[in-house]
Amino acid sequence: DMVMVMSTTAEHLHAYRRMDISLDTFPYAGTTTTVEALFMGVPVVVLKASGRDATHAHNVGVSLLSQVGLHELIAHDEDEYAEMAVNLALSPERLRSLRDTLRSKLLASPLCQGQAFMRDVEFEYRRMWLRYCGEE
């Protein structure tokens, strides 16, 4: 069954309860949907691009999962991507474990540490300004 229209954010997020695994799209990866899936405890399998295909649009899922410490869900070719998804689907214990821990992993990751991020950004702005002024 597919629900096409959801009138509230809560309904939208509740729909993730109907998913076991999210498969990131390629060559244009998800961003918001990837973070939402992780927040709702749904593991996301992503495909890392290399060479000239290694654009931000393709590898944003790789960046997100890396920041959350989920390197084991990053595939390096299409065969590994499919194998990873199948193996995950065949492992209900692992899925349950991921569902129970993904939200806390996401919230503890650098992605959700706004104050630390802003402190680092402000530091870099200051460093760039000093370099521009010739004071560094």
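The values are calculated or read from the model by the stated rules, or taken from the named source; none is laboratory data. Fair warning: this is a prediction, and the values are worked out from it, not measured in the lab. With ideal geometry, Cβ positions are generated from the backbone for all residues, glycine too; neighbour counts draw on all protein chains shown. Protein only, heavy atoms only, side chains kept; ligands, DNA and RNA dropped before computing areas. Shrake-Rupley method; radii C 1.70, N 1.55, O 1.52, S 1.80 Å.
Could you grab the relative contact order for the chain? Cα pairs under 8 Å, six or more apart, rounded to a whole percent.
Working: 148 pairs, mean separation 30.5, N = 136.
Relative contact order, the chain: 22 percent.
Accessible area per residue for the chain is 68 Å², calculated with a 1.4 Å probe on protein heavy atoms, without ligands, DNA or RNA.
Restricting the chymotrypsin sites (Phe, Trp or Tyr not before Pro) of region 17-124 to loop positions (DSSP other than H, G, I, E, B) with no more than 11 neighbouring Cβ atoms within 10 Å leaves TYR28. By how many degrees, between 0 and 90 and to the nearest 10, does the Cα long axis of helix 56-68 differ from the longest principal axis of the chain? The two axes meet at around 90 degrees. How far is helix 78-89 tilted, in degrees, relative to the longest principal axis of the Cα atoms in the chain, given as a value from 0 to 90 rounded to the nearest 10? Roughly 60 degrees between the two axes.
How large, in percent, is the carbon and sulfur part of the accessible surface of the chain at a probe radius of 1.4 Å? Let's see the in-between values first.
Working: 5160 of 9240 Å².
The computed percentage sits at 56.
Here's the picture: charge each Lys and Arg Cβ at +1 and each Asp and Glu Cβ at -1 in the chain, and of GLY41, MET19, THR8 the one pushed furthest to the positive end of that dipole is THR8.
Would you please state the base-10 log of I(q)/I(0) at q = 0.22, 0.26, 0.31 1/Å for region 58-112, with intensities from the Debye formula using one equal scatterer on every alpha carbon? One equal scatterer on each Cα of region 58-112 leads to -0.94, -1.11, -1.18.
So what is log10(I(q)/I(0)) for the chain at q = 0.10 1/Å, when the Debye sum runs over its Cα atoms only? The Cα Debye sum returns log10 ratios of -0.42. With a Förster radius of 25 Å applied to the beta-carbon distance between TYR125 and SER63, the computed FRET efficiency rounds to 0.70.
Once you charge only the Cβ atoms, +1 for Lys and Arg and -1 for Asp and Glu, what is the size of the charge dipole of region 1-96 about its Cα centre, to the nearest 20 debye? Write down the numbers at each step before the final one.
Working: 6 positive and 13 negative charges, 61 e Å.
So the magnitude is around 300 debye.
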